[in-house]
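Enquirer: Sharing a structure below in structure tokens format, with a few things to ask.
The values are calculated or read from the model by the stated rules, or taken from the named source; none is laboratory data. These numbers come from a predicted model, not from an experiment. Virtual Cβ from ideal backbone geometry, glycine too; neighbours counted across all protein chains shown. Surface accessibility is based on the protein's heavy atoms, side chains included, excluding ligands, DNA and RNA. Shrake-Rupley method; radii C 1.70, N 1.55, O 1.52, S 1.80 Å.
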Amino acid sequence: MHDFSSAKFRFILMCGVALCAATPGLAQAPAGGQQIELETISVEGEAQTPETTTGPVNGYVATKSGTGSKSDTPITEIPQAVSVVGREEIDDRKATKVDEILRYTAGVTAQPFGQDPDTDWFYIRGFDATQKGVFRDGLQLYAYGFGGFQTDPFFLERVDVLKGPASVLYGGANPGGIINLVSKRPNGETFAYAEAGVNNWGNAYFGLDAGGVAGAGNEWSYRFTGRVAGGDQYTDYSEDFRGAVLPQITYQPTDATRITAYAEYATLDQFHSGGSFLPYYGTVRDAPFGKIDRKAYFGERSEDDQDRSQFLIGYEFEHTFDNDWTIQQNARYGRLHNKENAPYTFGYAPYNWMVDLNGNDDPSTGMLHRIGFLHDTEVDTFTVDNRASRDFMTGGLEHSVLFGVDYKYFKIDHVQYSGTLDPISATDPQYTGPATFSIPYLDDVVTQHQVGIYLQDQIRFGSGWLATFNGRYDIVETDQEVRGGFSTPYSSDDGEASGRVGLAYEFANGLTPYVSAATFFNPLIGTSGTPFEPETGHQFEAGVKYAPTFVDAIITASVFDITRQNVVTRGPGALGVNIQIGEVTSKGFEFEAKANVNENLKIIAAFTALDMEITEDANPAIIGNSPFLIPEMTASLWADYKVTRGSFEGVSFGAGLRYNGESWADNENLLKVPDAVLVDAAIRYERDDWGLALNVNNLLDKEYVQGCQGVSTCSWGAARQITLSAHYKW
């Protein structure tokens, strides 16, 4: 059916004798030329609701993102690579953790340590974004130590990934890029959706998402989203129970004013999973006894436990004045309490910490060295972002100007203990009892304040030129109060400027080549006699974005060069202190294509090639080498086909390939982790308001090591996971 942009066309066909006689196949008119008035035919087509930067994505292809500009901007006009994963894509692959959502995204290394139920791990363009690169609705979910918040994917409308530095808009952040988790919000509609499922390990879930409207003019709308899950995990003895709720309410008295208030509570109670912190010999390569069972648990059954609760409350306000200025304010307070007893392995026994800094890699004893670990962490955080924007003309220049001020407060109160445990057999684990703890090695309170002021001007000129200019200045204050342990109290004040400039040309056929340059900074917590200075650096990027006129698709190809300076490295010797003299570069190429080919077929393709190098370090032996853990090459392909007519109408099939390339296990570049190819698949059936789905990740149950962060910290990749789910909407 043709799309008539929701307009209703009504027409009357009149047929005369001459026309009918000259046109085969038309009914003949009666003699005398009498006119015949045929039945009125109405043709209707439904137009898609215009996409917003926080609303649903049409299929797999997003056209806009607010993450790269803090404004309603087409992706093709942002002078950096941007990827967006929408709700439909999340549902099609049944992601149960946020890091699973980005398995098919170019430039992102997701789950580098395998499955980790209590943390979502991301590396973007080779740099760790887990703690300082995750945002929720444009506000940073800053983390330090074990004070990290976690988001349930069921609560998300979409996930935006901005690749490369983001300091010009958000202040201190990961140099490789950021991830913005965009929440579901009240949408002015009345609806309800329920979903339940269970996987092959016996871990089940139930989710509810419902909304409605109220008020004489439907000016009030609300939404409640909740999910509960629990049961066994893949590895021996591991299990968890988690739940989260998100009630929201929106008041929109006019088109010019809108305010949304929300509160979210989440909890996690788990017995930890195994499969991580294992030696290179015994996972990647055989030890004398062969391979370590990827299901084996090597902690301590009598004491393993984690209890975490988190609470978020905030609001989003927007108002447009008669003079076309728009003001926006987003604010959020967060509270987290995380208490954890988590024994883990570190190399083979015997272990001498004065010599074996990276763990003993000699497997001849067949016994794994173990460390007891205990912490109690509390976090309070508050963030607020105020901005004003307006579009206007000056001469032949069309400006879209944005300026703002944001503030971030972060306080972490934490104590950490390290204890001793008996070694454990790598092939026949026998649990020996609780760890022995003495005094804490860390007991302090860290408080950080960050204030930033920023300006952006997006300019259109000529017959398709686009220029973007950004500038920002931040002031960061950090204080560390020490109660015990081995930390050193300190206070620091840092100020840093960052900027971005981009230039693009938009051709009529949808092709937009672009270039950009940006600087960044990343405040650090810690001291080596003097407080650490912020990491700084820059990126150069060039690429092309293509939104074809003949198919609903977006294709991005980019090259980049990032330099990260003031990296903290370990000094020489067994008791070497941290020294801030490191530098790492990341160069690479990314390609990503997403297409809604037609009403039946959707396709995703992604490819990343990275060339990372340690260019300065306290250890001269590793200068010129590549950092460990990060694959040199990744690629993925996903296709989803839906049958829309015939006997199998309502059936959908999805299949994907993921390639995880080789990576280094050590910074000395002596030991490599081999590549792996993984297969995912899905089959679904939808009829009217209900549906069934069967999703399988790692269909062939490939046994592989995801990555190593040294010879003693290798992690098995995720095993085959089969999830059967059903949903109903009304």
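Enquirer: So which of GLY212, GLY226, GLY230 ends up being assigned to a strand (DSSP E or B), within 25 Å of LEU139 (Cα to Cα) and not basic (Lys, Arg)?
Expert: GLY226
Enquirer: If you check every pair at least six apart or on different chains, which have Cβ atoms under 6 Å apart with a residue in segment 569-583 that is surrounded by 17 or more Cβ atoms within 10 Å (Cβ to Cβ) first and a residue that is among the charged types (D, E, K, R) and at pLDDT 90 or above second?
Expert: Here the result reads THR569/ASP617; GLY582/GLU616; GLY582/ASP617; GLU583/GLU616, each pair linking segment 569-583 to a residue that is among the charged types (D, E, K, R) and at pLDDT 90 or above.
Enquirer: With the requirement that a residue be polar (S, T, N, Q) and either closer than 24 Å to GLU303 by Cβ or in contact with an Asp or Glu (Cβ under 9 Å, 6 or more places away or on another chain) (or both), what does segment 204-244 give you?
Expert: Once the filter is applied, which keeps residues that are polar (S, T, N, Q) and either closer than 24 Å to GLU303 by Cβ or in contact with an Asp or Glu (Cβ under 9 Å, 6 or more places away or on another chain) (or both), segment 204-244 yields SER221, THR225, GLN233, THR235, SER238.
Enquirer: Among the residues of segment 349-375, which ones are of a type in the set (A, V, I, L, M, F, W, C) and open to solvent by 40 Å² or more (accessible area, probe 1.4 Å)?
Expert: Of everything in segment 349-375, those that are of a type in the set (A, V, I, L, M, F, W, C) and open to solvent by 40 Å² or more (accessible area, probe 1.4 Å) turn out to be TRP353, MET354, VAL355, LEU357, MET367, LEU374.
Enquirer: Say whether the condition of being without any contact (Cβ under 8 Å) to a residue 12 or more places away in the chain, more than 30 Å from ALA296 (Cβ to Cβ) and over 23 Å from the mean Cα position of the chain (by Cα) is met by at least one residue in segment 245-254.
Expert: Yes, because at least one residue in segment 245-254 is without any contact (Cβ under 8 Å) to a residue 12 or more places away in the chain, more than 30 Å from ALA296 (Cβ to Cβ) and over 23 Å from the mean Cα position of the chain (by Cα).
Enquirer: I would also like to ask the following. With ALA574, ALA557 as the choices, which residue is modelled with pLDDT of 95 or more and of a type in the set (A, V, I, L, M)?
Expert: Going through ALA574, ALA557 in turn, the sole match is ALA557.
Enquirer: Yes or no: ASP391 touching a residue at least 60 places away in the same chain (Cβ under 8 Å), touching a Ser or Thr at 6+ places or on another chain (Cβ under 7 Å), closer than 30 Å to ASP322 by Cα and of a type in the set (Asp, Glu)?
Expert: Here the answer is yes, as ASP391 does meet what is asked.
Enquirer: Follow-up. Being touching a Gly at 6+ places or on another chain (Cβ under 6 Å) and not in a strand (DSSP E or B) is the filter here, so list the residues in segment 407-458 that pass it.
Expert: LEU421, ALA426, ALA435, PRO440, TYR441
Enquirer: Take the residues in segment 528-545 that are in a strand (DSSP E or B) and free of Cβ contacts under 8 Å to residues at least 60 places away in the same chain; name whichever of them is most open to solvent (accessible area, probe 1.4 Å).
Expert: The selected residue is PHE540.
Enquirer: Then there is this: Can THR381 be described as open to solvent by less than 40 Å² (accessible area, probe 1.4 Å), among the hydroxyl-bearing types (Ser, Thr, Tyr), in contact (Cβ under 8 Å) with a residue 40 or more places away in the chain and farther than 21 Å from ASP236 by Cβ?
Expert: yes
Enquirer: Based on this model, can you work out whether ASP304 counts as open to solvent by less than 50 Å² (accessible area, probe 1.4 Å) and charged (D, E, K, R)?
Expert: Considered against the rule, which asks whether it is open to solvent by less than 50 Å² (accessible area, probe 1.4 Å) and charged (D, E, K, R), ASP304 comes out as yes.
Enquirer: Now for a separate question. Over 26 Å from TRP638 (Cβ atoms) and assigned to a strand (DSSP E or B) - does that describe any residue in segment 597-608?
Expert: no
Enquirer: Suppose we keep only residues that are free of Cβ contacts under 8 Å to residues at least 60 places away in the same chain and within 23 Å of ILE78 (Cα to Cα) within segment 465-500. Which one would you say is farthest from the chain's Cα centre (by Cα)?
Expert: Filtering first and then ranking leaves TRP465.
Enquirer: To continue, here is another question. Quick one: count up the residues across segment 462-498 that are assigned to a strand (DSSP E or B) and either open to solvent by 70 Å² or more (accessible area, probe 1.4 Å) or in contact with a helix residue (DSSP H, G or I) (Cβ under 6 Å, 6 or more places away or on another chain) (or both).
Expert: Final tally of qualifying residues: 13.
Enquirer: Among the residues of segment 385-400, write down those that are surrounded by fewer than 17 Cβ atoms within 10 Å (Cβ to Cβ) and part of a strand (DSSP E or B).
Expert: Those that are surrounded by fewer than 17 Cβ atoms within 10 Å (Cβ to Cβ) and part of a strand (DSSP E or B): ASN386, ALA388, ARG390, ASP391, PHE392, MET393, THR394, LEU397, GLU398, HIS399.
Enquirer: Moving on. Condition first: among the hydroxyl-bearing types (Ser, Thr, Tyr) and open to solvent by 40 Å² or more (accessible area, probe 1.4 Å). Now tell me which residues in segment 203-226 satisfy that.
Expert: TYR222 - this is the single residue of segment 203-226 that is among the hydroxyl-bearing types (Ser, Thr, Tyr) and open to solvent by 40 Å² or more (accessible area, probe 1.4 Å).
Enquirer: Hey, does segment 169-177 have a residue that's in contact (Cβ under 8 Å) with a residue 24 or more places away in the chain, open to solvent by less than 10 Å² (accessible area, probe 1.4 Å) and on the phi > 0 side of the Ramachandran plot?
Expert: So far as segment 169-177 goes, yes, one or more of its residues are in contact (Cβ under 8 Å) with a residue 24 or more places away in the chain, open to solvent by less than 10 Å² (accessible area, probe 1.4 Å) and on the phi > 0 side of the Ramachandran plot.
Enquirer: Going by what's in this entry, would ASP406 be described as farther than 20 Å from GLY526 by Cβ, of a type in the set (D, E, K, R) and touching a Leu at 6+ places or on another chain (Cβ under 7 Å)?
Expert: Answer is no for this residue.
Enquirer: With the requirement that a residue be β-branched (Val, Ile, Thr) and under 29 Å from ILE78 (Cβ atoms), what does segment 408-462 give you?
Expert: Once the filter is applied, which keeps residues that are β-branched (Val, Ile, Thr) and under 29 Å from ILE78 (Cβ atoms), segment 408-462 yields VAL451, ILE453, ILE459.
Enquirer: Let me ask something additional. Kindly indicate which of LYS587, LYS594 is farther than 13 Å from THR109 by Cβ, basic (Lys, Arg), assigned to a strand (DSSP E or B) and free of Cβ contacts under 8 Å to residues at least 40 places away in the same chain.
Expert: It is LYS587.
Enquirer: Looking at (1) in a strand (DSSP E or B); (2) open to solvent by 20 Å² or more (accessible area, probe 1.4 Å); (3) under 30 Å from GLY656 (Cβ atoms), find the lone condition where GLN565 falls short.
Expert: Evaluating GLN565 over (1) in a strand (DSSP E or B); (2) open to solvent by 20 Å² or more (accessible area, probe 1.4 Å); (3) under 30 Å from GLY656 (Cβ atoms) leaves (3) as the failure.
Enquirer: Another question about this same structure. Counting only residues that are open to solvent by less than 30 Å² (accessible area, probe 1.4 Å) and either touching a Pro at 6+ places or on another chain (Cβ under 7 Å) or among the aliphatic types (A, V, I, L, M) (or both), which one in segment 546-562 is farthest from VAL501 (Cα to Cα)?
Expert: ALA553
Enquirer: Related question: Considering TYR417, TYR407, TYR441, which residue is open to solvent by 20 Å² or more (accessible area, probe 1.4 Å), among the hydroxyl-bearing types (Ser, Thr, Tyr) and over 26 Å from PRO343 (Cα atoms)?
Expert: TYR407
Enquirer: Need at least 3 residues that are crowded, with 17+ Cβ neighbours inside 10 Å, touching a residue at least 12 places away in the same chain (Cβ under 8 Å) and touching a Gly at 6+ places or on another chain (Cβ under 9 Å) per element, so show me which strands (runs of 3 or more DSSP E) inside segment 631-730 make the cut, counting only ones lying wholly within it.
Expert: The qualifying strands (runs of 3 or more DSSP E) are 633-642, 676-687, 690-697, 705-708, 714-716, 721-729.
Enquirer: Hey, another quick one. Restricting to segment 318-348, what's the tally of residues that are over 22 Å from SER273 (Cα atoms), buried (at least 16 other Cβ atoms within 10 Å of the Cβ) and hydrophobic (A, V, I, L, M, F, W, C)?
Expert: Selection size over segment 318-348: 1.
Enquirer: Here's a follow-up. For ALA110, which of the numbered conditions (1) open to solvent by less than 20 Å² (accessible area, probe 1.4 Å); (2) among the small types (Gly, Ala, Ser); (3) touching a residue at least 40 places away in the same chain (Cβ under 8 Å) fails to hold?
Expert: Among (1) open to solvent by less than 20 Å² (accessible area, probe 1.4 Å); (2) among the small types (Gly, Ala, Ser); (3) touching a residue at least 40 places away in the same chain (Cβ under 8 Å), ALA110 violates only (3).
Enquirer: From THR512, THR519, which residue is touching a His at 6+ places or on another chain (Cβ under 7 Å), at pLDDT 95 or above, assigned to a strand (DSSP E or B) and under 23 Å from THR76 (Cα atoms)?
Expert: THR519
Enquirer: Which count do you get for residues in segment 282-301 that are closer than 17 Å to THR427 by Cβ and open to solvent by 60 Å² or more (accessible area, probe 1.4 Å)?
Expert: 7
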